[in-house]
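Single-structure report; data block below.
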Amino acid sequence: MRGSVEDGESQKLFLQKCGFINMDLINLINKYKNKILDDSILIEYDLFFNNLFKENCKFVFDDDKELKELNDVILKIKKIDKNAEIYVNTYGINFKNKKIFIYADTLWIDTVVKLNEIFNIFRVFSEIEPSSIVSLDIDETVSLVFSLDGRIEDYELFIRNRRLSKVKSLYWD
């Protein structure tokens, strides 16, 4: 299983019910290419790490063991805060030869879980510990937000509906 919070079969059924498999993340990103060329985007965690897009979506580490550990961390956070929302913040999208590659090294977690609790969770998973874990205190340059349910939201609207200080940024270098 490649970093998915739910098992692959359940996730596939969920995606089909939402109609998202037909929408295809890669085609959507291509559709919004001009808007996102120089900006990063947020992609919901389960969507980024979905096996359907494995060859296109590359996280800073891509080893199955490390991705499983990352998924275990996410599950622990979701156990503490069932309303936590997890997004992958991209740093690059490569549009070459009609193929799209999406690169990321940061997670954004909208959660009530405190920074020190997140640090403590990573103590058990020291092999994948982020370089930094901080609360966002400044707005970032992000253009669009792609959600698992198929919504594509303008970042300004997305962040306006959240308290920026609740969003934790986990960065790997």
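General remarks:
- Label-point separation, Asn116 to Ser132 (7 Å along Cα→Cβ), nm: 2.2 nm
- Pairs of C-alpha atoms in the stretch 63-125 farther apart than 14 Å represent 65 percent of all such pairs.
- Backbone HN-Hα couplings from phi across the stretch 61-78 [Karplus 6.51/-1.76/1.60, Hz, Gly and Pro as x]: 10, 10, 6, 4, 5, 5, 5, 5, 5, 4, 4, 4, 4, 4, 4, 5, 5, 5
- Mean separation of Cα contacts under 8 Å, 6 or more apart, over the residue count of the stretch 43-173: relative contact order %: 29 percent
- Amide H contacts for Leu144 (H built 1.01 Å from N in the peptide plane; partners 5 or more residues away or on another chain; cut-off under 5 Å): Leu42, Tyr155.
- From phi via Karplus (6.51, -1.76, 1.60), per-residue ³J(HN,Hα) for the stretch 115-124 in Hz, x at Gly/Pro: 3, 5, 5, 5, 4, 5, 4, 6, 4, 6
- Debye log10 I(q)/I(0) for the stretch 32-173, one point scatterer per Cα, at q = 0.12, 0.13, 0.19 Å⁻¹: -0.46, -0.55, -1.22
- Proportion of all alpha-carbon pairs of the stretch 130-173 beyond 13 Å (%): 62 percent
- Rounded to the nearest whole Hz, the Karplus-based 3J(HN,Hα) values (6.51 cos²θ - 1.76 cosθ + 1.60, θ = phi - 60°) of the stretch 38-45 follow the sequence 10, 10, 8, 10, 9, 10, 3, 3, with x at glycine and proline.
- Working from label points 7 Å from Cα in the Cα-to-Cβ sense, the Tyr32 to Asp149 distance is 1.6 nm.
Computed from the coordinates by the stated procedures, all read-outs in this text should not be read as laboratory data. The model shown is predicted, which means the values in this text are computed figures rather than measured ones. As a convention, Cβ positions derive from the backbone with ideal geometry for all residues, glycine included, and neighbour counts pool all protein chains shown.
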